[in-house]
């Protein structure tokens with residue numbers, strides 16, 4: 001009787017196991033605090049991570065955690081299909097990416113530039129990339145370094161959607177919320193500068209308030225809980241005022257410009273009475289007075305958006 005196949009397994013071998021998917025890889029250029037945080041998050045997620053920095057010795061413990069330290073920027077970008085750049089601005093980005101040896105190594109690869117700068121610089125970089133056969137995404141990190149690699153991180157991107165989707169699996173290793181804002185390459189930078197405007201204008205107001213409070217004998221710690229109360233008022237106002245500006249209604253119901261101007265002048269007088277610089281509030285009051293003098297005293301503060309457009 002013929003033997004069954006089970007008696008001679010060599011005659012009917014099991015199918016060869018499917019090869020394991022290639023380990024994802026990424027290169028990070030720039031190892032300041034944010035660059036190190038990005039590289040660390042990639043490593044923690046099991047992504048093969050190559051790093052390079054203009055100033056040696058900034059990698060911290062990344063090598064001990066498994067990062068590959070490249071000897072040059074060209075070597076670094078050649079190691080991965082995706083290079084994430086995180087430098088101080090686009091002058092620094094240009095100084096690295098536009099070196100001939102780096103540009104050559106980038107051909108056929110993708111750059112996701114998370115450095116901060118203005119929208120037109122992003123568009124200029126995209127034009128350069130297209131001329132040299134480099135795929136390009138622009139982006140921005142909208143949260144602080146401790147949030148990188150956690151659900152609290154926020155990342156914005158703009159550029160070709162297909163390119164974004166191609167590299168999304170690697171970018172997702174950073175955790176957090178990732179949003180593609182559209183094909184216009186400058187859109188992420190536009191969001192970035194607008195949101196930074198909110199942050200730094202607000203923080204300038206806060207440190208001025210702390211100085212004014214201190215001049216009146218109120219400590220920063222005493223004021224802080226009440227400052228947080230002011231902060232809690234803002235989120236619903238952000239949405240309400242956004243709708244007001246888009247509709248160009250500029251409603252002053254409940255808080256007309258004339259009332260707001262009066263309170264601004266109180267701040268100026270109190271600050272200058274203590275010898276404090278009140279130039280920021282003076283500028284806000286001057287804009288408000290222009291609106292009032294223009295016949296808009298019953299409108300809301302959103303009317304000032306019309307005065308800020310100098311074109």
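Of note:
- Fully extending the segment from residue 224 to residue 203 would add 6.3 nm, taking 0.36 nm per residue of separation and subtracting the current Cα-Cα distance.
- Potential lengthening between residue 127 and residue 54 on full extension [0.36 nm per residue; Cα-Cα distance subtracted]: 23.9 nm
- Computed over segment 116-247, Cα set: Rg, Dmax in Å: 19.0, 62
- Span per principal axis, largest first, for the Cα atoms of segment 25-183 (Å): 38, 33, 25
- Using the Cβ-Cβ distance between residue 99 and residue 120 with R0 set to 35 Å, the FRET efficiency from 1/(1 + (r/R0)^6) comes to roughly 0.95.
- Sequence-distant contacts, meaning Cα pairs under 8 Å at least 6 residues apart, place the relative contact order of the chain at 11 percent.
- For peptides 237-243, 128-134, 287-293, sequence by mean Cβ density within 10 Å, most packed first: 287-293, 128-134, 237-243
- Exposure proxy ranking, count of Cβ atoms within 10 Å, fewest first, for 158, 25: 25, 158
- Using alpha-carbon coordinates, inclination of helix 187-215 to the longest axis of the chain, degrees: 50 degrees
- Principal-axis tilt of helix 161-171 within the chain, Cα atoms, nearest 10 degrees: 80 degrees
- Distance between segment 131-198 and segment 100-130 - C-alpha centres, whole angstrom: 14 Å
- Considering helices alone, the calculated mean residue ellipticity of the chain at 222 nm is -15500 deg cm²/dmol, with DSSP H runs of length four and up weighted by -39500 (n - 2.57) and normalised per residue.
- Rounded if a/c under 1.5, otherwise prolate or oblate - segment 137-195, Cα gyration tensor axes: oblate
- For the chain, the longest principal axis of the C-alpha atoms and the axis of helix 220-247 are separated by about 80°.
- Within segment 130-147, backbone nitrogen closer than 15 Å to the virtual label 7 Å beyond the Cα of residue 238 toward Cβ: 142-144
- Solution diffusion estimate, µm²/s, Stokes-Einstein, segment 153-228, Kirkwood Rh from C-alpha pairs, 20 °C, viscosity 1.002 mPa s: 140 µm²/s
- Taking only alpha carbon atoms, the chain gives an Rg to Rh ratio of 1.16, where Rh is the Kirkwood radius.
- Tensor-based shape of segment 219-308 (alpha-carbon gyration tensor, a/c under 1.5 rounded, otherwise prolate or oblate): oblate
- Annotation for segment 24-53 versus segment 59-77: alpha-carbon center distance of 8 Å.
- Maximal additional length on extending the residue 150-residue 194 stretch stands at 13.4 nm, based on 0.36 nm per residue less the C-alpha distance.
- Computed from the Cβ-Cβ distance with R0 of 45 Å, the FRET efficiency linking residue 248 to residue 61 stands at 0.25.
A short reminder: the numbers here are calculations on the coordinates, not readings from a lab. Because the structure is predicted, anything quoted here is derived from the model rather than measured. Neighbour counts run over all protein chains shown; Cβ positions are idealised from the backbone, glycine included.
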